[in-house]
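The values are calculated or read from the model by the stated rules, or taken from the named source; none is laboratory data. Keep in mind that what you see is a predicted model, and the values were worked out from it rather than measured. Heads up, the Cβs are rebuilt from the backbone with ideal geometry, glycines too, and the neighbour counts pull from every protein chain shown.
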Amino acid sequence: MPELPEVQTIVDDLNRKIAGRLIIDVWSDYPKAVKKPLFKHFKKIIKNKKILSVKRRAKNLFFYLSDDFLMAIHLKMTGHLLVGKWEVNKLKNKEIIIPLEPKDAVIDSYNQYIHFIFYLDDGRMVGFSDARKFGKIILGKKEQIENLPEFKNLGPEPLDKSFTVEKLKESLRQAQGKKIKQVLMDPEVIAGIGNIYSDEILWLAKINPFKPANKLSEGELRKLWKATRKILIKALKLRGTSISDYRDTSGKRGGYDKVRLVYRREKEKCFRCGVKIKRAKIGGRSAHFCPHCQKL
């Protein structure tokens with residue numbers, strides 16, 4: 001699932017590439033991805049709306065549009081947005097998507113699960129590639145969308161200037177004895193961190209993923225705060241992690257997976273002490289950690 005660095009990379013790309021453009025039409029072979037309103041109304045509303053800016057909130061993309069509209073897209077497990085050109089052909093009552101641009105993206109199979117195409121006024125298109133079709137889209141007036149519980153109840157952004165050690169401490173107060181790995185991944189506690197970066201952050205901070213969040217010492221809280229910012233900033237500079245299906249808006253892989261510290265390094269040697277990395281389950285999710293450096 002794309003996490004904060006991947007979604008922010010897409011946001012930055014979109015602002016650079018398509019801000020100011022008009023959406024003149026939309027095509028989809030999976031209209032169920034639009035949760036609000038019905039797709040036939042969505043299609044009417046979205047036409048001739050100008051893309052004013054794109055922002056990120058947690059793992060959501062917010063498209064701020066003209067006439068005070070807002071389109072929210074959650075990429076879920078396998079989604080990413082591409083800027084390019086596609087051709088929709090009908091073949092035996094089935095629509096076939098033929099990728100034309102970007103040429104580098106054409107050869108990557110993960111870029112070819114296009115289920116939405118937003119046509120822009122300059123001839124380019126924004127394609128929503130989503131292999132497992134879990135992604136979702138919501139459209140409405142800005143105030144209405146921003147105040148939906150799923151957005152309004154999100155926790156603080158870990159890369160905001162306002163996210164201090166004290167803010168982290170305050171966020172963890174609601175953990176109620178939950179394990180720190182689970183807490184880091186809870187979007188209502190801290191926004192945008194998932195399985196990959198929670199492992200990386202905890203390894204860097206030398207904190208065991210099973211440790212109850214409310215048992216962290218002042219020193220551990222400070223280490224956790226520093227590690228959170230350091231890992232996320234580094235991953236953002238490397239344009240995210242592409243271990244599986246994530247790609248940027250040009251269809252290219254991120255670079256963080258080449259410098260992973262612990263995530264998916266089970267049985268490999270810890271970069272600090274040489275002890276083999278372990279993998280365990282916490283709340284149905286995998287946790288990768290060093291049993292020596294990250295002792296309970």
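Remarks
- Once region 169-181 is narrowed to residues that are modelled with pLDDT of 95 or more and surrounded by 20 or more Cβ atoms within 10 Å (Cβ to Cβ), the residue that is nearest to SER242 (Cα to Cα) is LYS181.
Table: residues versus (1) surrounded by fewer than 18 Cβ atoms within 10 Å (Cβ to Cβ); (2) of a type in the set (Lys, Arg).
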site	(1), (2)
GLU3	no, no
VAL11	no, no
ASN15	yes, no
LEU22	yes, no
TYR30	yes, no
ALA33	no, no
LYS40	yes, yes
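- Selection count, region 206-223, where residues are in a helix (DSSP H, G or I) and surrounded by fewer than 24 Cβ atoms within 10 Å (Cβ to Cβ): 8
- Residue check, HIS292 surrounded by 20 or more Cβ atoms within 10 Å (Cβ to Cβ) and either modelled with pLDDT of 95 or more or among the aliphatic types (A, V, I, L, M) (or both): no
- Across region 176-234, the number of residues qualifying as of a type in the set (A, V, I, L, M) and under 21 Å from GLU268 (Cα atoms) comes to 7.
- Filter result (of a type outside the set (A, V, I, L, M), surrounded by fewer than 24 Cβ atoms within 10 Å (Cβ to Cβ) and either in a helix (DSSP H, G or I) or touching a helix residue (DSSP H, G or I) at 6+ places or on another chain (Cβ under 7 Å) (or both)) within region 185-205: ASN195
- Candidates ALA205, ALA191, ALA175, ALA213, filtered to the one that is of a type in the set (Gly, Ala, Ser) and under 15 Å from the mean Cα position of the chain (by Cα): ALA191
- GLU143 fulfils the conditions (1) in a loop (DSSP other than H, G, I, E, B); (2) of a type in the set (D, E, K, R); (3) over 25 Å from ALA287 (Cα atoms) except for a single criterion, (1).
- Subset of region 112-139 that is within 18 Å of the chain's Cα centre (by Cα) and not in a strand (DSSP E or B) - its residue that is surrounded by the fewest Cβ atoms within 10 Å (Cβ to Cβ): ARG132
- Complete set of residues in region 9-30 that are of a type in the set (A, V, I, L, M, F, W, C) and part of a helix (DSSP H, G or I): ILE10, VAL11, LEU14
- Number of the exception - LYS49 against (1) under 16 Å from MET125 (Cα atoms); (2) within 18 Å of the chain's Cα centre (by Cα); (3) without any contact (Cβ under 8 Å) to a residue 60 or more places away in the chain: (2)
- Within the set ALA235, ALA213, ALA191, the sole residue that is of a type outside the set (Phe, Trp, Tyr), more than 25 Å from LYS258 (Cα to Cα) and in contact (Cβ under 8 Å) with a residue 40 or more places away in the chain turns out to be ALA213.
- When region 249-285 is filtered for residues that are in a strand (DSSP E or B) and small (Gly, Ala, Ser), only ALA280 remains.
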